[in-house]
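First up is the structure itself, then whatever we jot down about it.
The values are calculated or read from the model by the stated rules, or taken from the named source; none is laboratory data. Just so you know, these numbers come straight off a predicted model, no measurement behind them. Reconstructed Cβ throughout: ideal geometry from the backbone, glycine too, with neighbour counts over all protein chains shown.
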């Protein structure tokens, strides 16, 4: 039953699953390779992101943030597809993910080095905004269903006592 429910929701949620996995993998890569912020080939391109980390090691800050977002998002998607509806959590995680990717774009832009990362990470921002929109419509639909069920229960209770 669990797999059937997950398979039923997957076609509509694949962009969210993809972004969850991408966030986790990106964060894990940074944690496993912290030298990307200090290595000559990438240091200048990532200098804007490194400066945004403040006193924290940039690989740890960016990597852990991405991993945590990916795990929470995957958990919400799993629960949404298997047990109960979680469109509000999905909405919040889509916005949080879009915020992180936007910060990456800003960091790359601040470096002053022309690079294709701005286009790629900008595309990830758009993907998350679209996911947020879809989660918003699901939130509205779920809220309407909840209100309708509540009204139906009240109607049934009134008819039982009448």
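Quick notes
- Unique match (being assigned to a helix (DSSP H, G or I), under 12 Å from the mean Cα position of the chain (by Cα) and free of Cβ contacts under 8 Å to residues at least 60 places away in the same chain) among 104, 100, 89: 89
Residue-by-condition table, conditions (1) part of a helix (DSSP H, G or I); (2) free of Cβ contacts under 8 Å to residues at least 12 places away in the same chain; (3) more than 25 Å from residue 140 (Cβ to Cβ):
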{"residue": "42", "(1), (2), (3)": "yes, yes, yes"}
{"residue": "51", "(1), (2), (3)": "yes, no, yes"}
{"residue": "60", "(1), (2), (3)": "yes, no, yes"}
{"residue": "74", "(1), (2), (3)": "yes, no, no"}
{"residue": "79", "(1), (2), (3)": "yes, yes, no"}
{"residue": "108", "(1), (2), (3)": "yes, no, yes"}
{"residue": "118", "(1), (2), (3)": "yes, no, yes"}
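- The single condition among (1) more than 16 Å from the chain's Cα centre (by Cα); (2) closer than 30 Å to residue 135 by Cβ; (3) surrounded by 15 or more Cβ atoms within 10 Å (Cβ to Cβ) that residue 46 does not meet is (2).
- Number of the condition not met by residue 121 [criteria: (1) loosely packed, with under 11 Cβ neighbours inside 10 Å; (2) at pLDDT 85 or above]: (1)
- Checking each residue in the stretch 62-72 for being touching a helix residue (DSSP H, G or I) at 6+ places or on another chain (Cβ under 6 Å) and touching a residue at least 40 places away in the same chain (Cβ under 8 Å) picks out 62, 66, 67, 69, 70.
- Boolean, residue 28 is in contact with a helix residue (DSSP H, G or I) (Cβ under 7 Å, 6 or more places away or on another chain), surrounded by fewer than 18 Cβ atoms within 10 Å (Cβ to Cβ) and not in a loop (DSSP other than H, G, I, E, B): yes
Rundown of residues vs (1) in a helix (DSSP H, G or I); (2) more than 13 Å from the chain's Cα centre (by Cα); (3) modelled with pLDDT of 95 or more; (4) buried (at least 19 other Cβ atoms within 10 Å of the Cβ), yes/no style:
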{"residue": "3", "(1), (2), (3), (4)": "yes, yes, no, no"}
{"residue": "7", "(1), (2), (3), (4)": "yes, yes, no, no"}
{"residue": "13", "(1), (2), (3), (4)": "yes, no, no, yes"}
{"residue": "21", "(1), (2), (3), (4)": "yes, no, yes, no"}
{"residue": "35", "(1), (2), (3), (4)": "yes, yes, no, no"}
{"residue": "56", "(1), (2), (3), (4)": "no, yes, no, no"}
{"residue": "64", "(1), (2), (3), (4)": "yes, yes, yes, no"}
{"residue": "71", "(1), (2), (3), (4)": "yes, no, yes, no"}
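- Scanning the stretch 1-40 for residues that are without any contact (Cβ under 8 Å) to a residue 60 or more places away in the chain and more than 29 Å from residue 60 (Cα to Cα) returns 1, 3, 4, 7, 11.
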